[in-house]
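Derivation of every value follows stated rules applied to the coordinates shown; laboratory data play no part. Fair warning: this is a prediction, and the values are worked out from it, not measured in the lab. No Cβ is skipped: glycine too gets one built from the backbone with ideal geometry, and neighbour counts run over all protein chains shown.
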Amino acid sequence: MGTRHHLTVFLSWTAGVCLIVAYPPARAAAQAMEWSQASAAGAAPATAWPCRLVVADQLLPHVKIVWQRSATFRQQCASIARAGATVLLRTATSLQIRRPAQARIGVSADGVTVARVLVQLSADSIEHLGHELEHVLEYLEKMNLRKRLADHRSGVTVSGVGYETGRAIDAGTRVAREVRESWRTCVDRSC
């Protein structure tokens, strides 16, 4: 009928896997439908944040905490907003994803970058949020992971079937540290 469009998807797992895959339009449309239904039935768009985050109800308390207590997370969000991307955040079980978190990042037919981030709820969920948002930023900056892999000083490694970056690991660690330190400050000051 018409021309076929492909949606390029960038997968990343906090434990160390990133992969680029092409999805046919029918599958991309099905995934988009799944997210529109999820947002209508239990996800909250975050209008107070400058970036377009659509957050599942179960993750909303985590995202509110990280937004309030992490400057790094707020900077990530501002960068995502400048790029005009949308990030859909939802929880997943270990049966749905094998890693603590993963992001599928692609570009819609109209050129909008959409990231679908799945996070298993745990004590480390905040770190995983920062980590996966950094992968979104890497994608937006068109980071060539294959090329960087050849440079052993780049911080890009292969794990399993894909890539991991030191930059995303550092960002997740930094976000978690900022949240922990802000809690300590509040306890000391009785916030």
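What's the ranking of 63-70, 91-98 by average number of surrounding C-beta atoms within 10 Å, highest first? Could the numbers behind the result be given before it?
Working: 63-70: 18.9, 91-98: 12.2.
Averaged packing, sorted descending, gives the order 63-70, 91-98.
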- In nm, spacing of pseudo-spin labels at SER122 and ASN144 (7 Å Cα→C-beta vector): 3.4
- Item | For TYR163, residues with placed amide H under 5 Å, excluding near neighbours | CYS18, LEU19
- Message: In whole Hz and in residue order, list the ³J(HN,Hα) couplings for the range 89-103 that follow from phi through the Karplus curve 6.51 cos²θ - 1.76 cosθ + 1.60, θ = phi - 60°; x for Gly and Pro.
- Response: 10, 8, 7, 8, 9, 5, 6, 7, 9, 8, 10, x, 7, 8, 10
- Task: Please give the peptides 115-121, 129-135, 174-180 ranked by average Cβ packing (other Cβ atoms within 10 Å per residue), highest first, as a rough proxy for protection.
- Result: 129-135, 115-121, 174-180
